[in-house]
1. Where the second residue is within 9 Å of the ligand (Cβ to nearest atom) and the first is hydrophobic (A, V, I, L, M, F, W, C) and lies in the range 135-146, which pairs have Cβ atoms under 9 Å and are six or more apart or on separate chains?
2. Run down 57, 63, 52 and say which single residue is farther than 29 Å from residue 23 by Cα, open to solvent by 50 Å² or more (accessible area, probe 1.4 Å) and not basic (Lys, Arg).
3. Residue by residue through the range 38-67, note down the ones that are more than 13 Å from the ligand (Cβ to nearest atom) and in a helix (DSSP H, G or I).
4. Quick one: which helices (runs of 4 or more DSSP H) sit completely within the range 68-148 and have at least 3 residues that are within 16 Å of the ligand (Cβ to nearest atom) and farther than 21 Å from residue 32 by Cα?
5. Taking the criterion of being surrounded by fewer than 17 Cβ atoms within 10 Å (Cβ to Cβ), of a type in the set (Asp, Glu) and under 15 Å from the mean Cα position of the chain (by Cα), would at least one residue in the range 120-140 satisfy it?
6. Any residue in the range 73-90 that is touching a residue at least 12 places away in the same chain (Cβ under 8 Å) sitting within a Cβ distance under 7 Å of a residue that is in a loop (DSSP other than H, G, I, E, B)? List the pairs, counting only those 6 or more apart or interchain.
7. Would you be able to say whether some residue in the range 75-90 is of a type in the set (Lys, Arg), closer than 19 Å to residue 40 by Cα and surrounded by fewer than 20 Cβ atoms within 10 Å (Cβ to Cβ)?
Amino acid sequence: MKIIGALALAAMAATVSLPASAQFAKAEDAIKYRQGALTVLGSHFGRVGAMANGKAAFDAKSAQESAEIVAFMAKLPWAAFAAGTEGGKAKPEIWKEQAKFQDLAKKSEEATAKLAEASKSGNLDQIKAAFGPAANSCKSCHDAFRNR
Ligand code: ASC
């Protein structure tokens with residue numbers, strides 16, 4: 001029930017406003033949290049992507065549901081890359097190039113918010129148009145900051 005766990009963490013994150021450093025007792029907890037959030041994000045992004053790329057039948061309601069989950073989840077991982085939480089697939093560059101990392105994180109939030117907005121139209125072409133930039137925002141951060 002990894003997804004339920006991640007959603008429970010997400011719900012907690014939405015109501016807790018402590019500084020990131022105080023949210024996780026151990027680096028391992030932060031790593032689990034950000035991987036959980038990104039796993040849920042990736043799963044739902046994949047569902048929208050399958051429709052955008054014609055690999056799954058378009059279902060406007062389910063596309064919107066997933067796109068809104070993606071946009072919400074995209075707000076969560078970044079606070080879990082606090083100082084002292086190096087590890088997982090994260091490259092050490094994250095902690096050396098904070099401005100660049102935060103900028104890419106913000107771009108992902110913005111691009112996924114636009115995808116969620118587009119999904120409300122129920123129009124596949126609008127979803128397709130917003131999906132590409134969102135995918136690119138994931139990719140630029142992975143290329144710079146994620147180990148394979
Ligand atoms: C996905 C996924 C990513 C991004 C990225 C886009 O579906 O899991 O990490 O898209 O591959 O290029």
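1. These pairs meet every condition: 135/45; 135/49; 138/41; 138/42; 138/45.
2. Within the list 57, 63, 52, the selection yields 57.
3. Listed by number, the residues that qualify are 60, 61, 62, 63, 64, 65.
4. 98-119, 124-145
5. no
6. Close Cβ pairs (under 7 Å, with a partner that is in a loop (DSSP other than H, G, I, E, B)) amount to 80/24; 85/24; 86/92; 89/147.
7. Checking the range 75-90: at least one residue is of a type in the set (Lys, Arg), closer than 19 Å to residue 40 by Cα and surrounded by fewer than 20 Cβ atoms within 10 Å (Cβ to Cβ).
The values are calculated or read from the model by the stated rules, or taken from the named source; none is laboratory data. Just so it is clear, the structure is predicted and the values come from calculations on it, not from any experiment. Counting neighbours? That spans all protein chains shown, and the Cβs are built from the backbone with ideal geometry, glycine included. Heads up: the accessible areas ignore ligands, DNA and RNA and are worked out on the full protein's heavy atoms, side chains in. Shrake-Rupley method; radii C 1.70, N 1.55, O 1.52, S 1.80 Å.
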